[in-house]
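K.L.:
Take this structure first; my questions come after.
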Amino acid sequence: MIATITEANSISRNLVAVLRSILGLPKKLIPLHEPILGRAERKWVTDCLDSGWVSSVGPFVTRFEEEVAKACSARNAIVVSNGTSALQVCLIGAGVGYGDEVIVPSLTFVATANAVSHCGAVPHFVDAETATLGLDPVKLAERLDQIGEFRGAQLFNRETGRRVAAIVPVHIFGHPVQMQALSAVADKYHLPIVEDAAEALGSFDNDGRSCGSLSGIAALSFNGNKIVTTGGGGAVLVQDDDLAKKLRHLSTTGKLPHKWHFVHDIVAFNYRMPNLNAALGLAQMARLEEFISAKRALASAYADMFQNISGMRFFRERAGTRSNYWLNTVLLDEADESLREQVLADTNNAGFQTRPLWMPLHELPIYLNSPRGDLSVTENLALRIINIPSGASLGPQGIS
Ligand SMILES: *Cc1c(COP(=O)(O)O)cnc(C)c1O
């Protein structure tokens, strides 16, 4: 059913009314998400400048890594220049190489697939499910069953002839994927899981485990729009100590430790996070729980208000999980592009920044030729998802 113009008008009006009642009347555009930078951030960054150690070696890097690892219950954290490079290093760590195929959702930010491409591999798109917006374990199993063929212990795509090397679930908007079910499928097909936890710092699965530690290896992002920022940055979380050592070496130009000689034993990356960024991150990490608590209070206020609004619903965390509610999400009842466009226009014109879902990756010109299963749920969600203002400065516990 296509929404009529009057229906679209009333849906827009209702949404704007909810946003006004929780966020107030905007004096200027209320952004989707903005970082909170305070006195501690200024102090740590100034301390870093005063020390003269602004580049990739320095005490803040090590301290920041310890805090990140602790927050995610990971044995090792390696901080790098951004989330995309973190994912690429994770994929290499999981054994992904040139000519492989990697299962990724189409419903994600483009970096998930780009990191696969940067390894010389090809993303293979599988659909999302509506309880978490993450990779659908049932459709994943169906797809692997349909295209997969074991040659020895390794799985190959019998249609493309490429080896299937890994699965990358993404915790969309901070909502934990159904990892237990996905892991069972991964085990059956002997595939490693690389977790894209870029949006999910501080989220927990329903067994109490932290996102970023639900598989052996995971990537985080500290981009300016994420829950904790270093300006730009990312982290590789690794449980295995030997692998962590290798990946740290791979991200740090492959330089062998020596007081004065430059000897490099592998063709490596220069991906390490500068000390200056780590100083900012250290200040931010101290406030992670405060940020999450403010964001969850905002989400809870939205959830209450949207309960009595027709034409849409507020997307809530799966029972038993703790989402960090990185981006709050409204799901329109109807999948109708003109309705979505009108809602986006009306809310933005009313001073509230709202955004649609990223264009599904399988529809991007760069990935039109990538293999894919049925993506009907992703296509439906893309017409219905509206992200609404989500910063930790907003709502009943908004941080000033
Ligand atoms: C932000 C993000 C990334 C990449 O992080 P950058 O730091 O921007 O490179 C990867 N995956 C997802 C799902 C993200 O949201």
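K.L.:
Suppose we keep only residues that are aromatic (Phe, Trp, Tyr) and free of Cβ contacts under 8 Å to residues at least 60 places away in the same chain within the stretch 111-166. Which one would you say is farthest from Glu199 (Cα to Cα)?
P.N.:
Phe150
K.L.:
A further question follows. Might you let me know whether the stretch 209-227 holds any residue that is aromatic (Phe, Trp, Tyr), surrounded by 23 or more Cβ atoms within 10 Å (Cβ to Cβ) and within 16 Å of the ligand (Cβ to nearest atom)?
P.N.:
Yes.
K.L.:
While we're here: Somewhere in the stretch 168-185, is a residue crowded, with 24+ Cβ neighbours inside 10 Å, without any contact (Cβ under 8 Å) to a residue 40 or more places away in the chain, within 16 Å of the ligand (Cβ to nearest atom) and not basic (Lys, Arg)?
P.N.:
Yes, some residue in the stretch 168-185 is crowded, with 24+ Cβ neighbours inside 10 Å, without any contact (Cβ under 8 Å) to a residue 40 or more places away in the chain, within 16 Å of the ligand (Cβ to nearest atom) and not basic (Lys, Arg).
K.L.:
Residue check, Arg39 against (1) over 28 Å from the mean Cα position of the chain (by Cα); (2) closer than 30 Å to Gly351 by Cβ, all met but one. Which one?
P.N.:
Of everything listed in (1) over 28 Å from the mean Cα position of the chain (by Cα); (2) closer than 30 Å to Gly351 by Cβ, Arg39 misses just condition (1).
K.L.:
Sticking with this structure for a sec: Go through Ala131, Ala115 for me and flag whichever is under 28 Å from Glu34 (Cα atoms) and more than 14 Å from the ligand (Cβ to nearest atom).
P.N.:
Details: Ala115 fails: more than 14 Å from the ligand (Cβ to nearest atom).
Going through Ala131, Ala115 in turn, just one is under 28 Å from Glu34 (Cα atoms) and more than 14 Å from the ligand (Cβ to nearest atom): Ala131.
K.L.:
Let me ask something else about it. Here are Leu364, Leu344, Leu288, Leu381: which of them is aliphatic (A, V, I, L, M) and surrounded by 19 or more Cβ atoms within 10 Å (Cβ to Cβ)?
P.N.:
Result of the check over Leu364, Leu344, Leu288, Leu381: Leu381.
K.L.:
Restricting to the stretch 328-341, give me the number of residues that are buried (at least 18 other Cβ atoms within 10 Å of the Cβ) and of a type in the set (Ser, Thr, Tyr).
P.N.:
Going through the stretch 328-341 one residue at a time, the tally reaches 1.
K.L.:
Just wondering, is there one or more residues in the stretch 37-50 that are touching an Asp or Glu at 6+ places or on another chain (Cβ under 8 Å) and of a type in the set (Lys, Arg)?
P.N.:
no
K.L.:
Collect the residues in the stretch 136-167 that are within 16 Å of the ligand (Cβ to nearest atom) and more than 29 Å from Val330 (Cα to Cα), keeping them in residue-number order.
P.N.:
Within the stretch 136-167, Ala166 is the sole residue that qualifies.
K.L.:
Any residue at all in the stretch 200-208 that is touching an Asp or Glu at 6+ places or on another chain (Cβ under 8 Å) and not aromatic (Phe, Trp, Tyr)?
P.N.:
yes
K.L.:
Which condition breaks for Tyr325 when tested against (1) part of a loop (DSSP other than H, G, I, E, B); (2) surrounded by 20 or more Cβ atoms within 10 Å (Cβ to Cβ); (3) touching a strand residue (DSSP E or B) at 6+ places or on another chain (Cβ under 9 Å)?
P.N.:
(3)
K.L.:
What number goes with the only condition from (1) more than 12 Å from the ligand (Cβ to nearest atom); (2) more than 23 Å from Val104 (Cβ to Cβ); (3) within 18 Å of the chain's Cα centre (by Cα); (4) not hydrophobic (A, V, I, L, M, F, W, C) that Asp242 does not pass?
P.N.:
In the conditions (1) more than 12 Å from the ligand (Cβ to nearest atom); (2) more than 23 Å from Val104 (Cβ to Cβ); (3) within 18 Å of the chain's Cα centre (by Cα); (4) not hydrophobic (A, V, I, L, M, F, W, C), Asp242 misses (3) alone.
K.L.:
For the stretch 81-108, which residues satisfy the criterion of being within 22 Å of Ala128 (Cβ to Cβ), of a type outside the set (A, V, I, L, M) and within 16 Å of the ligand (Cβ to nearest atom)?
P.N.:
Gly83, Thr84, Cys90, Pro105, Ser106, Thr108
K.L.:
In the stretch 259-307, which residues are charged (D, E, K, R), free of Cβ contacts under 8 Å to residues at least 60 places away in the same chain and within 21 Å of Val80 (Cβ to Cβ)?
P.N.:
Scanning the stretch 259-307 gives a single hit, Asp265.
K.L.:
Of all residues being of a type in the set (Lys, Arg) and part of a helix (DSSP H, G or I) in the stretch 135-166, which is nearest to Phe315 (Cα to Cα)? Just the residue, please.
P.N.:
Restricting to residues being of a type in the set (Lys, Arg) and part of a helix (DSSP H, G or I), the top hit is Lys139.
K.L.:
If we only count helices (runs of 4 or more DSSP H) wholly inside the stretch 49-134, which ones have 3 or more residues that are surrounded by fewer than 20 Cβ atoms within 10 Å (Cβ to Cβ) and more than 18 Å from the chain's Cα centre (by Cα)? Explain how you work it out, then say what you get.
P.N.:
Details: elements: 59-71, 83-93, 111-118.
Fully inside the stretch 49-134 and qualifying: 59-71.
None of the figures in this text is laboratory data; all of them are computed from the coordinates on show. Owing to the predicted nature of the structure, the values given are computational and were not obtained by experimental measurement. Every residue, glycine among them, receives a Cβ derived from its backbone with ideal geometry; neighbour counts consider all protein chains shown.
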